[in-house]
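Chemist: Next up is a structure, given as structure tokens.
What follows is calculated from the coordinates using simple rules that are stated; it is not laboratory data. Worth saying up front: this structure is predicted, and the values here are computed from it rather than measured. Cβ sites come from the backbone with ideal geometry, for glycine too, and all protein chains shown count toward neighbours.
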Amino acid sequence: MKIPISLQINGEMYQVQVPVQKTLLSVLREDLALTGTKNGCDSGECGACTVLMDGKPVNSCLILALDAVGKQITTIEGIGGITELDPIQEALVAHGAIQCGYCTPGLVMTAKALLASNPHPTETEVREGIAGNLCRCTGYVKVVEAIMDVSRD
Amino acid sequence: MLDLNYWEPGNLLEAVSLLSNLGEKARPLAGGTDLLVKMKKGPINWSGIVNLKGLPELKGINFEGQTMTIGALTPISALMANPWVGVHFPVLVEAARSLGTPQIRNLATVGGNLCNASPAADVALVLLIYEARLLIMGPKGPRKVPVQEFYAGPGQTVLEPGEILTAVEMDVPPLNSKGVFVKHGKRKSHEIALVNVAVLITPQPGTKQIARARIAVGAVASTQLRLQEAEESLSDTVVTVDALERAAELAEAAVNPIDDVRSTAGYRKQMVKVLTKRALQEAWGGEL
């Protein structure tokens, strides 16, 4: 059974036909070619697939595409512009808080939501805020420093 | 290829009738943080999903008099965001903060944490010390079940076919009560408890006595447990190191953990004693 739905992603409406079990993550990557959102563990452990749903960070691998109807979804493609990076992305680059880059889109989305709700977090709040984003390259020190840097501006 | 059916009932009665007609063929969807993982892992013995998220009856946190009602679809993060929950039920907020990750907490629901019936659940454990009552709607009408009577085994509840947990209600404990939640795991975040303990004590004003103690433990038996004997050993008792030690020993004696990939039965049993005593001491707060 395939169901026709409309999804609002980065301010634009997309029409897709999805089987019931298809996740928002799979639709983003396979149907809409929005491959900035990464598939890490596919079970809600790693945070690589983090997108914002009505402004809140969520694991897109744990949401049925059918269940995202009527929600405002923001992916990494909706952050920053074509010619300029978002301040969070700039800070991650400046601090060398990226290596393989696989966790970075998810981290950017989580940091974006964190700073939107709490513009000047403590270091502990930053660490708790990104606790759902696993990084296996750089570790977290540089990532935390980068987010703290943005929060000071 | 998986070929699932899908329903979005518009109101509670429609959802109840759908679920009772479909029986074992369908699963209700709330936050999805467990259901989707199970669906992907497979094999599954059901073929349809009834999405409950559109039901207005299952949403919101309300206070009326001394009673708080939490809709079953309330996300865990909403418990942390509501200042009144923190004022009246601070241990609930502690448990919410320890559950999963920020992303999971935005999806996972209070009702899901209960209905999943994991012996290690964090938020559900704290509902035991607050003596929550679960509001259930089913084909035969509404009923209320105390949370300590809700579990039938690991992953199993007393919900009958077609029944839906709609809300959780609990009374604000006496003002001088103090609770503590302890989650013991290998990591600070994104952890499933090896053992978790929640206590709530109400001191007898002007004395060194506890009027009433409530103790609940998780991940150490086939269901989460209220430890009645340990609780009773403390009521109307002068608080001493020995009294707390005795309660902790009774707690240890009452649990029946297993060896699994995360820990051993022996370690869990010991930790019940250690953590119960520690939690009671912290909740009491004063000199011993």
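Chemist: May I ask you to list the residues in region B:24-55 that are touching a residue at least 12 places away in the same chain (Cβ under 8 Å), out of contact with any strand residue (DSSP E or B) (no Cβ under 9 Å at 6 or more places or on another chain) and more than 12 Å from chain A (Cβ to nearest Cβ)?
Modeler: Hits for region B:24-55 are B:24, B:45.
Chemist: Restricting to region A:117-138, count the residues that are in a helix (DSSP H, G or I) and away from every other protein chain (no Cβ under 13 Å).
Modeler: Of the residues in that region, 1 qualify.
Chemist: Same structure again: Within the group B:16, B:110, B:85, B:91, which residue is more than 28 Å from residue A:131 (Cα to Cα), of a type outside the set (Ser, Thr, Tyr), more than 14 Å from chain A (Cβ to nearest Cβ) and buried (at least 18 other Cβ atoms within 10 Å of the Cβ)?
Modeler: B:16
Chemist: Would you point out which residue out of A:31, A:86 is away from every other protein chain (no Cβ under 11 Å), among the acidic types (Asp, Glu) and touching a Phe, Trp or Tyr at 6+ places or on another chain (Cβ under 9 Å)?
Modeler: On inspection, the qualifying residue turns out to be A:31.
Here's the yes/no breakdown for (1) part of a helix (DSSP H, G or I); (2) within 26 Å of residue A:111 (Cα to Cα):
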residue: B:50; (1), (2): no, no
residue: B:54; (1), (2): no, no
residue: B:62; (1), (2): no, no
residue: B:80; (1), (2): yes, yes
residue: B:100; (1), (2): no, yes
residue: B:114; (1), (2): yes, no
residue: B:121; (1), (2): no, no
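Chemist: Of (1) outside any loop (DSSP other than H, G, I, E, B); (2) in contact with a helix residue (DSSP H, G or I) (Cβ under 8 Å, 6 or more places away or on another chain), residue B:84 satisfies all except one. Which?
Modeler: If we test residue B:84 against (1) outside any loop (DSSP other than H, G, I, E, B); (2) in contact with a helix residue (DSSP H, G or I) (Cβ under 8 Å, 6 or more places away or on another chain), just (2) comes out false.
Chemist: Just to be sure before I move on: is residue B:134 within 14 Å of the chain's Cα centre (by Cα) and either more than 15 Å from residue B:16 (Cβ to Cβ) or within 14 Å of chain A (Cβ to nearest Cβ) (or both) in the structure I sent?
Modeler: yes
Chemist: List pairs: first residue in region B:5-23 and more than 21 Å from residue A:18 (Cβ to Cβ), second residue surrounded by 15 or more Cβ atoms within 10 Å (Cβ to Cβ) and among the hydroxyl-bearing types (Ser, Thr, Tyr) anywhere in the structure, Cβ distance under 7 angstrom, at least six positions apart or on different chains.
Modeler: Pairs that qualify, where the first residue is more than 21 Å from residue A:18 (Cβ to Cβ) and the partner is surrounded by 15 or more Cβ atoms within 10 Å (Cβ to Cβ) and among the hydroxyl-bearing types (Ser, Thr, Tyr), are B:12/B:166.
Chemist: Sticking with this structure for a sec: Test residue A:110 against the criterion of being of a type in the set (Val, Ile, Thr) and more than 10 Å from chain B (Cβ to nearest Cβ), and give yes or no.
Modeler: The answer is no for residue A:110.
Chemist: OK, next. Taking region A:6-23 on its own, how many of its residues are within 22 Å of residue A:36 (Cα to Cα), buried (at least 16 other Cβ atoms within 10 Å of the Cβ) and within 14 Å of another protein chain (Cβ to nearest Cβ)?
Modeler: Qualifying residue count, region A:6-23: 4.
Chemist: For residues that are farther than 16 Å from residue A:145 by Cα and touching a Lys or Arg at 6+ places or on another chain (Cβ under 7 Å), tally how many sit in region A:93-123.
Modeler: Result for region A:93-123: 4.
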